[in-house]
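K.L.:
One structure coming up, written as structure tokens, with questions to follow.
What follows is calculated from the coordinates using simple rules that are stated; it is not laboratory data. Source: prediction; values computed, not measured. A quick note on method: Cβ atoms are made from the backbone with ideal geometry, for glycine too, and the neighbour counts reach across all protein chains shown.
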Amino acid sequence: MLWSLTKIIAFIAIVTGLTFGAVYLMNTSGGADITIAGYNANLSTLELTIGFALLILLVWLLLKLMGLLVATFKFLNGDETAISRYFSRNRERKGFTALSEGMMALASGEGQLALAKAAKAEKYLERPELTTLLTAQAAELAGDRRKAEETYKRLLQDDRTRFVGVRGIMKQKLADGDTATALRLAEKAFAIKPKHVETQDVLLQLQASTEDWKGARQTLTAKLKSGSLPRDVHKRRDAVLALSEAREVLAEGNSINAREAAIEANRLSPDLIPAAVMAARSYIEQENTRYATRVIKKAWEVHPHPDLAAVFAEIVPDEDPTARIKRFGALTRINPDDPETIMLNSELQIAAENFPEARRALRDLVETAPTARNLTLMAAIERGEGSDDQVVRGWLTKALTASRGPQWVCDKCQNIHAAWTPVCGNCGSFDTLSWKTPSSGEVAMPAGVEMLPLIVGQIADQSDETTEDTIDAEVIDADPVDEN
């Protein structure tokens, strides 16, 4: 409001001043007589003032016209001028508009449109560090692999974009399954940017898949130093690589170095079951049973596993079943409620032919968590106690359709492995195998298979009353035969 009032007052003041000046000049006596080529002009003071102002305006316009002519000449000559800068700004504006539209098309999955916009942006901007990457990604999205590879190769010529070019070609080689070339490219990308997390992960996975355990451990250390890997995860994966290195050394026949590597792997990660097993066996070879027992017990505390029980048995291979039950007490007292410990106790009693105690040791595991293993143990117990073949076959048939229990399962692709490996054989992921029960049944059985136990033979109840009822029924059925 105040500003508007100020502008109105200023306008009125200017008009008033001009009016006053014009009146003053009109009332002023005198003037000028101008004679040009016989033409005489008598100008008053006001007319003379207006003429002088028009002359100044004409000179100004003439100077501007001369400047425009000079600029046009320089523009045509190739020199930088205001005209050339105007056209440059216009081209730059069009180029950035095409670049932004290309990025939006790329994000929305329109490959051909993104490729066209990238070509337009490259034409107007002439800045390959901005447009070449868009061209490569758009070509990949449009399915033009050849153009994408050519574009990535152009990026290799500039130090600022070399990493992007190497990474792009590396991803193409990975998609083609050319792991050897991809590994070399990953090493180059890692040398350019050693702290790039994705490059570290790709290089580590490729090194592990090609069994370059030494190089993988160096890459793992680089991940730890760059802060992209927690220390506890680094210790676990370093143990996996050390264990893999130990297996390779053992395959070459160097048992001493393999033993040291296995012990190192177990030291790095005591809960890694394969490392604990290999370390325990190396101590057994040295006849150091105390250290072997300590390694197995420490791993059993974290996760009971049948491989640990097997290597614990190897400490004293020729002992009798009673002595073995007593010695295994040091192991079975740890995690007594774990299903693996329960089944181990039952197996020990079966080996000692103490079948009633084996039944008690198995508890109600066949009802709460039935697996092929504990159902098979139940069949062995029934056989040992003298049950009918139908009863034994009933348990075995039920075991056929039951879950296989915990297995080595890849956390990424859920593929099941018969034995632990550092790299998943299905998806190639590193350190993703866990000892767990698969989320879904690993064997697809036909409908109606649950009736097999009833067809093959009735499953005997675990209570003594059911056993007695079965015996009484058999005696009653046999009475008429005796009477005849």
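K.L.:
Provide Y24, Y291 in ascending order of the number of other Cβ atoms located within 10 Å of each residue's Cβ, fewest first.
P.N.:
Ascending Cβ contact count within 10 Å gives the list Y24, Y291.
K.L.:
How do K64, K398 rank when sorted from fewest to most other Cβ atoms within 10 Å of their own Cβ?
P.N.:
By the 10 Å Cβ count, ascending, the order reads K64, K398.
K.L.:
May I pose another question? Whole-Hz Karplus ³J(HN,Hα) for region 99-110, in order, using 6.51 cos²θ - 1.76 cosθ + 1.60 and θ = phi - 60°, x for Gly and Pro?
P.N.:
5, 5, 5, x, 5, 5, 5, 5, 5, 8, x, 9
K.L.:
Which whole-number percentage describes the relative contact order of the chain, with Cα contacts under 8 Å and a sequence gap of 6 or more?
P.N.:
RCO, the chain: 5 percent.
K.L.:
For region 315-369, just list the percent of Cα-Cα distances falling in each 10 Å bin from zero outward, please.
P.N.:
25, 54, 19, 2
K.L.:
Next question, about the same structure. Between D201 and E248, take the C-beta separation as r, use R0 = 22 Å, and let me know the FRET efficiency to the nearest 0.05.
P.N.:
0.45
K.L.:
Mind scanning K195/K235; K120/K173; K153/K193; K153/K173; K120/K153 and naming the pairs with a C-alpha gap bigger than 23 Å?
P.N.:
Too far apart for the 23 Å limit: K120/K173.
K.L.:
In cubic angstrom, how much convex hull volume per residue do the alpha carbon atoms of region 187-317 span?
P.N.:
Residue-normalised Cα hull volume stands at 107 Å³.
K.L.:
Given labels modelled 7 Å from the Cα in the Cβ direction, how far is it in nm from I9 to V316?
P.N.:
11.3
K.L.:
From the residues S88, G111, P128, which one has its Cα farthest along the dipole of region 86-131 in the positive direction, the dipole being from +1 and -1 charges on Cβ of Lys/Arg and Asp/Glu about the Cα centre?
P.N.:
S88
K.L.:
Using the Karplus curve 6.51 cos²θ - 1.76 cosθ + 1.60 with θ = phi - 60°, what ³J(HN,Hα) values do you get for each residue of region 237-248, in whole Hz, with x for Gly and Pro?
P.N.:
Calculated HN-Hα couplings, in order: 6, 5, 5, 4, 5, 5, 5, 5, 5, 5, 5, 5 Hz.
K.L.:
Eigenvalues of the Cα gyration tensor times 5, then square-rooted: what semi-axes does that give for the chain, in whole angstrom, largest first?
P.N.:
Over the Cα atoms of the chain, the semi-axes work out to 94, 30, 23 Å.
K.L.:
Okay, moving on. Name the long-range amide H neighbours of T437: under 5 Å, sequence gap of 5 or more, or other chain; modelled H, no Pro or chain starts.
P.N.:
Under 5 Å from the amide H of T437 lie the amide H atoms of Q407, each far enough along the sequence or on another chain.
K.L.:
Another question, if that's okay. Please report W60, W300 as a ranked list, fewest other C-beta atoms within 10 angstrom at the top and most at the bottom.
P.N.:
W60, W300
K.L.:
Which cross-chain or sequence-distant (5 or more) residues have an amide H under 5 Å from the amide H of T371, H modelled 1.01 Å from N in plane?
P.N.:
Hits under the 5 Å cutoff: none.
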